[in-house]
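The values are calculated or read from the model by the stated rules, or taken from the named source; none is laboratory data. On a predicted model such as this, the values are computed, not experimentally measured, just so you know. Cβ coordinates were reconstructed from backbone atoms using ideal geometry, including for glycine residues, and neighbour counts include every protein chain displayed.
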Amino acid sequence: MMDIKERKFKVHPQVCLEQLVPEDHFYRKVEDELDLSFVRDLVKDYYSSFGRPSVDPVVFFKLQLIMFFEGIRSERQLMGQVPVNMAFRWYIGYDLDENVPNHSSLTKIRDRYGVEVFQRFFEHIVELCIQAGLVWGKELYFDGTKVHANANINSMIPRFYHNAQQHLEELFNTQQNPDGTVDLGTDQEEVRYGGRKLFQKYDGTRITGRRRNVYRRKADYWVNKTDPDASPMSRFTGDRAKLGYHTHYVIDGGKERIILAALVTPASIMDNTPMLDLVRWIRFRWRLHPDIAVGDAKYGTVYNIVGLEQDGIRAYTPTSDFSQKNDFYPAHHFQYDTERDLFICPQGHFMPLYKRSYSEQRFLYRADKKFCNTCPMKPKCTKSKSGRYIAQSFFQGILDRASAYRETEAYKKAMRKRQVWVEPLFGEGKQWHGMRKFRLRRLAKTNIEGLMRAAGQNIKRLLKPRKSPHKPTPASPMVLAISIWNSFFA
Ligand code: SF4
């Protein structure tokens, strides 16, 4: 028999939110196992000692975590769901008849905290992971992924026009305070806060001294009106370019795959560019001494390999073989004579040192043009009328050592591990936590979003049920010592 459900609601005077949320609910576990009271210390400088009571910072971060866990894409959407979801209400500690914070307050609080607070929040979560023995610290895995920006590529304007407009706005918006100081524009205001140097360094502008500027990037001349920090990124599928950013992760080689560093840069910054800065930051911040750093061929630049090796870290990265781009004899057909410092070509002619290129950090060896121009093998060797060149890096010894790793079983194992280590974390972020597209705009805010997401992914691993407690790792005693030291001098 078909039933018709009557809509009739009784008044329940004895209802308690504590009883309405099931004992085994996910947010009960988060509340029991993750104490967020530390955030009050992180943000205490942003509050005055008098005035209207604010939204509790713990509540703010709990709401950020709800956004992460539920894949909610805006504060407005979040605050539309919190009042009607008992578990959310219970987690943030607001009773059924209490008014929850307004979505606009959350946006203002987020902007006031800035990247610095979110960076410290992320770091505290990594610290908890280290204390729980989840970080091994001996292997670092690098990767980056493209994330779409919240802007349309059709609204691009010339960068010169944008910079001129910005300059005028700053000029006329600048106000002098009664004490003689000057209020800076929003972007300059952000620069004042410390602790964000890394993301400011990789803001999309050309980094001098890293490589020759052999081609002009579209991002050098065009800028998007809606999100000036986003830059065009190519698509593998052949579709039109989209605007976006790169999210860079450094993952620990331990079983739990904890994210040790997260950085968002404009898409015009290649994956390999911030590698050395991230390694050095991790070593300094977590007092880790990794043995190997693993990345794909994009990370195998001379700059990265030499930097890692000089830091005492084995660079497990393939390198691109550009010698096979044409049909000429590749460099390994030429024999190097260490004693005489010259190459011997396949026809047995000497190629002495021709010049040192300090801008490209390499030696150039050249065969005599009188041999080359009469050589029967010339069509297979060079088109140059001045003879065949061979280039050798200033750091060839280090590069040879790194290429010798590629024959070892440890290298092959690390490469196999890399394939299943980092990509699933990006997959998880894109599938469940809105990592396909940033909801916020500008570099500072996308970094906030990236750090919050990385912190959330670490929290998931921290809260994962385990049969037996983890054994202490090389990382944990050191971090424990740092925490005790910090609390002693706080
Ligand atoms: S072209 Fe010049 S460098 Fe090449 S094999 Fe002949 S002589 Fe040697």
Per the list (1) farther than 19 Å from H124 by Cα; (2) part of a helix (DSSP H, G or I), residue check on I4 breaks on (2)
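Quick check: anything in the range 310-330 among the small types (G, A, S), part of a helix (DSSP H, G or I) and surrounded by fewer than 19 Cβ atoms within 10 Å (Cβ to Cβ)?
Taking the range 310-330 as the starting set, the residues that turn out to be among the small types (G, A, S) are 312, 315, 320, 323.
Those left that are additionally part of a helix (DSSP H, G or I): 323.
With surrounded by fewer than 19 Cβ atoms within 10 Å (Cβ to Cβ) added as a condition, the list becomes 323.
Yes, some residue in the range 310-330 is among the small types (G, A, S), part of a helix (DSSP H, G or I) and surrounded by fewer than 19 Cβ atoms within 10 Å (Cβ to Cβ).
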Among (1) within 27 Å of V15 (Cβ to Cβ); (2) modelled with pLDDT under 95; (3) touching a helix residue (DSSP H, G or I) at 6+ places or on another chain (Cβ under 9 Å), D97 falls short only on (3)
**Asked** Is it true that F426 is hydrophobic (A, V, I, L, M, F, W, C) and in contact with a Phe, Trp or Tyr (Cβ under 8 Å, 6 or more places away or on another chain)?
**Response** yes
Do we find a residue being surrounded by fewer than 17 Cβ atoms within 10 Å (Cβ to Cβ), of a type in the set (K, R) and farther than 27 Å from L278 by Cβ anywhere in the range 86-95? no
